[in-house]
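The structure appears right after this line, and notes come after that.
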Amino acid sequence: MAIKPGNFSADPTDVSAFVNSMAETMEKELNKLLELDDMEPLSTSNTDREVRARRRMFVAIARGVALHLSAHPEAFKLLPAIGGTTIRVNNIEVV
């Protein structure tokens, strides 16, 4: 499975590139933290310009993280539960 940072289209109501993305997860986690502190959750209305502006920031952060990880796959080593041999990651796919 590739890392999906998120994206936008010219149509503000088309959120298909945002759904199930790292950016959407950031938005959901921010709302959880706000609610934990008894604060109002943020609007998630697709027609709200402020929502689009906030999501733009989350998409930019997620893209930066994904591109940084993709540029440095050597920083990842996977250790399977069976066998115990370290596996080097040679490629991280970003969609």
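Derivation of every value follows stated rules applied to the coordinates shown; laboratory data play no part. Everything quoted here is computed from the prediction, not taken from an experiment. A quick note on method: Cβ atoms are made from the backbone with ideal geometry, for glycine too, and the neighbour counts reach across all protein chains shown.
Looking across the range 37-48, just one residue is surrounded by 13 or more Cβ atoms within 10 Å (Cβ to Cβ) and hydroxyl-bearing (Ser, Thr, Tyr), and that is THR44. Filter the range 49-89 down to residues that are more than 21 Å from MET22 (Cβ to Cβ) and either surrounded by 11 or more Cβ atoms within 10 Å (Cβ to Cβ) or touching a Cys at 6+ places or on another chain (Cβ under 9 Å) (or both), then give me how many there are. Total satisfying the criteria: 1. Out of the range 1-39, which residues are of a type in the set (D, E, K, R) and touching a helix residue (DSSP H, G or I) at 6+ places or on another chain (Cβ under 7 Å)? Scanning the range 1-39 gives LYS4, GLU27. Within the option set VAL59, VAL89, VAL65, VAL94, being of a type in the set (A, V, I, L, M, F, W, C) and touching a Gly at 6+ places or on another chain (Cβ under 9 Å) holds for one residue only, VAL59. Under the condition of being in a helix (DSSP H, G or I) and free of Cβ contacts under 8 Å to residues at least 60 places away in the same chain, the residues counted in the range 68-95 number 5.
Annotation note: of GLU35, GLU24, GLU29, the sole residue that is under 19 Å from GLU93 (Cβ atoms) and not polar (S, T, N, Q) is GLU24.
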